[in-house]
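Asks: Below: one structure in structure tokens.
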Amino acid sequence: MQMLQGLHHITAVASQPQATIDFYHRVLGQRLVKKTVNFDDPGTYHFYFGDEVGTPGTILTFFPWPHMRRGVPGNGETTAVAYAIAPASLEYWRDRLAAYGAAPGEVQTRFGTAVMPFRDPDGLMVELVVDEKLPAIQHWGSGPIPADHALRGFHSVTLWLDAMGPTAGVLTEPMGYTLVGQEGSRYRYQDASRGLGGIVDIVHRPGQRRGSFGAGSVHHIAFRAADDAAQLAYGQRLQQAGLQVTPVQDRQYFHSIYFREPGGVLFEIATNPPGFTLDEPVAELGDHLKLPPWLEPRRPEIERRLPPVTTVPQESAAR
Ligand code: ZN
């Protein structure tokens, strides 16, 4: 059976729609590849940021809930999202983040590579990890970052957990990950493909407080399945391992099943197809508010409730 192929997307919570676009699209150069709504809560946007086409493994998505109070990181959560960068890009990013008011913290060394941490406007911990073997992505050519320095998709996520064993068991047994390293309380697991977004780090924090969900929190992380048949097989494998897996949900750009791993983190398995060009061409990705067919009849009401947002830089819009 084909193993899970690393991260598909990561979904987090923000408080301000425009500030989220400004930071990820303009500062980090992650193209807004889809502007839609939360299908379970259509009064809320759902933004997808990624490379030029939204390649699985590059996609960070947000539910911006205005007035959401800030979350507090803790056990039972995904607490950091890491992107890969080229070794020569550390200084570029230190300067760029500082110029936009997101000055990074001290560069750390983790498993022999440099890690530069910073926070997004809602306090979500984002890390840039130097990677010698950068996976191929589709560079967003008309974005603000030159190809040499662009973020190269997900490197990893970090989970904070009270207990190691049960979660490690799910990662290694039904999901096919392997323990590849340990540094202090951090345990590194890697998928069989060793490709884009293939690493999950667990930080073992016995007895420490659980997270409090809010703006700046990760809602769930999704792993890739090649297609519907692979997803079905994974779902069965997870169920045989005793996990409660949801029925397949149609997320328009992929199909999803969800389960909560024993440490409390919400996991999803999402299919690579059909992808973000399902309802708009590559050149127009993110330009229009897209709704799934079942919400299209409610478009006028939905558009009235959503605050206006723009991908045009504010200073040039004002000129
Ligand atoms: Zn998801």
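Asks: Can you name the strands (runs of 3 or more DSSP E) wholly within the range 68-172 that have at least 2 residues being touching a Ser or Thr at 6+ places or on another chain (Cβ under 7 Å)?
Replies: 77-85, 125-130, 154-161
Asks: Going residue by residue through the range 117-127, is there one that turns out to be surrounded by 15 or more Cβ atoms within 10 Å (Cβ to Cβ) and more than 20 Å from the chain's Cα centre (by Cα)?
Replies: No, the range 117-127 has no match at all.
Asks: Conditions first: (1) in a helix (DSSP H, G or I); (2) among the hydrophobic types (A, V, I, L, M, F, W, C); (3) open to solvent by 10 Å² or more (accessible area, probe 1.4 Å). VAL53 passes all but one, so which condition is the exception?
Replies: (1) is the only condition that VAL53 fails.
Asks: Look at SER156 and say whether it is within 16 Å of the ligand (Cβ to nearest atom), under 16 Å from the mean Cα position of the chain (by Cα) and of a type in the set (S, T, N, Q).
Replies: no
Asks: Continuing with the same structure: Residues of the range 77-97 being more than 16 Å from the ligand (Cβ to nearest atom) and open to solvent by less than 10 Å² (accessible area, probe 1.4 Å), which ones?
Replies: ALA80, ALA82, TYR83, ALA84, ILE85, SER89, TRP93, LEU97
Asks: Something else: Being free of Cβ contacts under 8 Å to residues at least 24 places away in the same chain, surrounded by fewer than 15 Cβ atoms within 10 Å (Cβ to Cβ) and touching a strand residue (DSSP E or B) at 6+ places or on another chain (Cβ under 7 Å) narrows it down to one residue among GLN190, GLN208, GLN108; which is it?
Replies: Just one listed residue meets the conditions, GLN108.
Asks: With the requirement that a residue be open to solvent by less than 10 Å² (accessible area, probe 1.4 Å) and outside any strand (DSSP E or B), what does the range 3-26 give you?
Replies: Matches in the range 3-26: LEU4, GLY6, THR20, ILE21, TYR24.
Asks: Moving to a separate point now. Which ones in the range 246-298 are more than 16 Å from the ligand (Cβ to nearest atom), within 19 Å of VAL157 (Cβ to Cβ) and among the small types (Gly, Ala, Ser)?
Replies: Those that are more than 16 Å from the ligand (Cβ to nearest atom), within 19 Å of VAL157 (Cβ to Cβ) and among the small types (Gly, Ala, Ser): GLY263, GLY264.
Asks: Turning to a different aspect of this structure: For the range 31-50, give me the residue count where each residue is open to solvent by less than 10 Å² (accessible area, probe 1.4 Å) and in contact with a Gly (Cβ under 7 Å, 6 or more places away or on another chain).
Replies: 4
Asks: Pairs, please: C-beta under 6 Å, at least 6 apart or cross-chain, first residue in contact (Cβ under 8 Å) with a residue 24 or more places away in the chain and in the range 47-69, second acidic (Asp, Glu) and crowded, with 21+ Cβ neighbours inside 10 Å?
Replies: Going by the 6 Å Cβ cut-off, the qualifying pairs are THR58/ASP51.
Asks: I'd like to verify a number: residues in the range 238-273 that are surrounded by 15 or more Cβ atoms within 10 Å (Cβ to Cβ) and part of a loop (DSSP other than H, G, I, E, B), how many?
Replies: 13
Asks: Here is a further query. Might you check whether a residue that is outside any strand (DSSP E or B), at pLDDT 95 or above and under 14 Å from the mean Cα position of the chain (by Cα) occurs anywhere in the range 31-50?
Replies: no
Asks: Then there is this: Looking only at the range 214-237, which residues are assigned to a loop (DSSP other than H, G, I, E, B) and either touching a Pro at 6+ places or on another chain (Cβ under 7 Å) or surrounded by fewer than 18 Cβ atoms within 10 Å (Cβ to Cβ) (or both)?
Replies: Result: GLY214, ALA226, ASP227.
Asks: Let me ask another. I'd like the full set of residues that are of a type in the set (A, V, I, L, M), within 15 Å of the chain's Cα centre (by Cα) and away from the ligand (no atom under 14 Å from the Cβ), limited to the range 9-30.
Replies: The answer is ALA14, ILE21, LEU28.
Asks: Another question, if that's okay. Does GLN240 satisfy the condition of being within 16 Å of the ligand (Cβ to nearest atom) and touching a residue at least 60 places away in the same chain (Cβ under 8 Å)?
Replies: No.
Asks: Any chance the range 227-237 includes a residue that's within 27 Å of ASP120 (Cα to Cα) and either within 15 Å of the ligand (Cβ to nearest atom) or charged (D, E, K, R) (or both)?
Replies: Taking every residue of the range 227-237 in turn, none turns out to be within 27 Å of ASP120 (Cα to Cα) and either within 15 Å of the ligand (Cβ to nearest atom) or charged (D, E, K, R) (or both).
The values are calculated or read from the model by the stated rules, or taken from the named source; none is laboratory data. Keep in mind that what you see is a predicted model, and the values were worked out from it rather than measured. Cβ coordinates were reconstructed from backbone atoms using ideal geometry, including for glycine residues, and neighbour counts include every protein chain displayed. Remember, those area values only see protein heavy atoms, side chains included, never the ligands or the DNA or RNA. Shrake-Rupley method; radii C 1.70, N 1.55, O 1.52, S 1.80 Å.
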